[in-house]
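Asks: Starting off with a structure, shown below.
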Amino acid sequence: MTDARETLTTLIALWERERRAARERFAAERAELSVAERVARGTLLVDLAIDEAEPTAGGRLRLWLGRRDGAAIDRQGLRLGTGDPARLHFKDPGDDDALSCVVGRFARGRVAVVVDSDVPDRYESGGFRLAAEAPEVTFDRGAAALRATLDAPRESDLGVLRETIYGRRPVSRRDRRVERFFDPDLNAAQEDAVRHALTAEPVALVHGPPGTGKTRTLVEVVRQHVALGERVLVTAASHVAVDNLVERLAATEVSVVRLGHPARVMPSVEALTLDALVDASEAAALAKRWGAEARDIRKRVYAQSERGTLRGREKWEQLQEARRLEDDARHHLRRSAQAILARHQVIATTAAGATSHALQGAGELDCVVLDEATQAPDPMALVALANARRAVLAGDPCQLPPTVIDREAERGGLGTTIFDRLMARGDDDVLRLLTVQHRMHAALMAFPSAMLYGGRLVAAPHVAAHRLEELAGVAADLLRPGPLAVVDTAGKGFAEALVGDDKSTSNPDQADRVAAEVRRLLGRGLAASDCAVITPYDAQARALRERLAAELARGLEIGTVDGFQGREKEAIVVDLVRSNDAGQIGFLADVRRMNVALTRARRFLLVVGDSATLGGNDFYAAFFAGAEELDGAYLSAWADDAPPFDDVG
């Protein structure tokens, strides 16, 4: 068994390998792919114009970008997401007038980006591009966290955490009682998880399968810590997860402040950001006045210098006065930010954003709560965990893993999370499982529960038997009568394909069949916004969007698995794509992705796939076999062509 320091030394090398892979991927895409290909793959937007510019918190500028021809920006298929680093440019991101920015939210066919600097006049005429950028800052923070953890003295808080995670130090338990639960509707498993999170030392795990109320449980964990007079750092791998926690906490008596770039937060929590709170303070008003005085001095000095009426020591003294005013303004704002942080019970930010610089002045923190811990690679998790003595990690190792580009780095240990490492101990002192799910019909829950959760999941009574036809205006379908329908395309000749230089797999004939199934489903009266199509491959998602353009305009969503974790719809259609004589299934062999796809539907799930190709894998063989045993669930693609729906079925 390797010791903790050896494991961390290995992770440091793997993290640098992953950094190089990220750089190379961005460089290769720009060098090897045409502009049209990058646009098609969703990593580049072209021919943009500034529709609107507005000041935002922290003295930054939010630019609302639209297409110069007035067409709407289609977010579906776009791989530029909220919070991503990006560059505005005309021909090359390395040009002198290129601007670094952060992608913000999407609304009304436009995208917002936030910049820290003034925008060159050239951009006013439009015609520029927006391209994804490698996340160098993220790698810097992760590298620093790994090194700090490696170098921490053995009996320091971070040293104890290191030896618990990577070494042989056991998890202990301290004597704490929950006097009362603030949320009266928690179930027994959630209450047990809360007690566990309060008493395990120095780390507790909460395993939350799909729909089991993990976020609700974490809100209670935070409230219990605050009631004990403790201060909590709330983090997650993604901005969306952090904002969801902030929204829930803000609805309670807990005082919470959200750290992070304004572009990365949801509008509903923007008023709770540190930047917004600082901007609303008396210190900000004073700093603005001093800043204006400094600008007036500079303008006066420059004007007098041009006329030749000011020079030498007098000019130097006036410029020094302007600098003093600017320094005083910055110092005042820093002190205001530190005071705001110090008076809040809960501070929220992403794991990557939880740096010592961001938390400067926050004071001592007692506990870190890390949501989506099974998606956070160790370097990112350690950025957050280094901030307090204790940690509560929540996630589901049976859903999406961390995104790791370099396969050698992934296999070498970067694809294994801290949650995974601790769970592998099999120690009841470490983990609690949430077991009551509040999303899926019991028939949809049965397969993932049996295959991945030891059959321990239970459907809450209010969802156990709910059906699509119970929604207003939705008719029953006699040809697909239950909550599950599996369309087996074996033998139909729906062959997968790679088109051109695209490394993503598509299946045109199967895309036609999936489109027909979606139209039949919506023909039952289901609102398009209550339905989504999930497929593992970008190329197939693009093919489906072409075929279902009208339905997309009505609110249908089409995307890959990664974009749907943590989300749900009344009905989900899953396209498995792969169909070949060799039985090759690519990354579908990682059944965690398929678990996400199969657990998004509340009332109806339809899966289209080739059992002859997929059946060589035990997971998919069991899935098709289970569908055959369920009355009315299994359909051969030979049986019908998904004709348009009518009430007689």
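The values are calculated or read from the model by the stated rules, or taken from the named source; none is laboratory data. Because the structure is a prediction, the values reported are computed rather than measured. For neighbour counting, all protein chains shown are included, and Cβ atoms are generated from backbone atoms with ideal geometry for every residue, glycine included. Keep in mind that these areas ignore ligands, DNA and RNA; they rest on the heavy atoms of the full protein, side chains included. Shrake-Rupley method; radii C 1.70, N 1.55, O 1.52, S 1.80 Å.
Asks: Run down the lysines and flag those whose C-alpha is under 29 Å from the C-alpha of LYS91, throwing out any fewer than 8 positions away in its chain.
Replies: LYS503
Asks: Would you work out the relative contact order for region 59-191, in percent, from Cα pairs under 8 angstrom that are 6 or more residues apart?
Replies: Relative CO of region 59-191 lands at 22 percent.
Asks: Name the residues of region 383-410 whose amide N is less than 19 Å from a point 7 angstrom out from the Cα of ARG173 along the C-beta direction?
Replies: It comes to 390-393, nothing else.
Asks: Another question about this same structure. Which far-off residues, 5 or more places away or on another chain, put their amide H under 5 Å from the one on ALA490, with H placed in the peptide plane?
Replies: Hits under the 5 Å cutoff: SER611, ALA612, ALA637.
Asks: While we're looking at this one, here's another question. Keeping all protein chains in place and using 1.4 angstrom, which order do HIS89, HIS438 fall into by accessible surface area, from largest down?
Replies: HIS438, HIS89
Asks: Tell me which residues come under 5 Å, amide H to amide H, from ALA204 once H is placed; ignore anything under 5 positions away on its chain.
Replies: ALA391, VAL392, LEU393
Asks: Rounded to a whole number, what % of the accessible area of the chain do carbon and sulfur atoms account for, probe 1.4 Å?
Replies: Accessible surface attributable to carbon and sulfur in the chain totals 49 percent.
Asks: Give me the net charge for the shell around THR560: Cβ to Cβ below 13 angstrom, other residues only, Lys and Arg +1, Asp and Glu -1.
Replies: +3
Asks: Hey, another quick one. Taking only Cα atoms of region 411-517, what ratio of Rg to Rh do you get with Rh as the Kirkwood inverse-distance radius?
Replies: Radius of gyration over Kirkwood radius for region 411-517 works out to 1.10.
Asks: Using only helices, what value at 222 nm comes out for the chain when you add -39,500 (n - 2.57) per DSSP H run of length 4 or more and divide by the total residues, to the nearest 500 deg cm²/dmol?
Replies: Result for the chain: -12000 deg cm²/dmol, rounded to the nearest 500.
Asks: Which of rounded, prolate or oblate describes region 59-119 when judged by the alpha-carbon gyration tensor and an a/c cut-off of 1.5?
Replies: Verdict is prolate for region 59-119.
Asks: Next question. For region 186-300, evaluate the Debye formula with one uniform point scatterer on each Cα (no solvent term) and list log10 I(q)/I(0) at q = 0.12 Å⁻¹, rounded to two decimals.
Replies: -0.56
Asks: For Cα Rg over 2.2 N^0.38 Å, which listed value, (1) 1.05; (2) 0.98; (3) 1.14, comes from the coordinates shown?
Replies: Derived directly from the coordinates: (1).
Asks: Could you tell me which of rounded, prolate or oblate describes region 4-64, using a ≥ b ≥ c as the square roots of the eigenvalues of the alpha-carbon gyration tensor, with rounded for a/c under 1.5 and, failing that, prolate when a/b is larger than b/c and oblate otherwise?
Replies: oblate
Asks: Calculate, for the chain, the solvent-accessible area per residue in square angstrom, rolling a 1.4 angstrom probe over the heavy atoms of the protein chains.
Replies: 43 Å²
Asks: Now for a different question. For region 341-495, what relative contact order do you get, as a whole percent, if you take Cα pairs closer than 8 Å and at least 6 residues apart?
Replies: 15 percent
Asks: Per residue of region 356-361, in order, report the coupling 6.51 cos²θ - 1.76 cosθ + 1.60 (Karplus, θ = phi - 60°) as ³J(HN,Hα) in whole Hz, putting x for Gly and Pro.
Replies: 4, 5, 5, 9, 4, x
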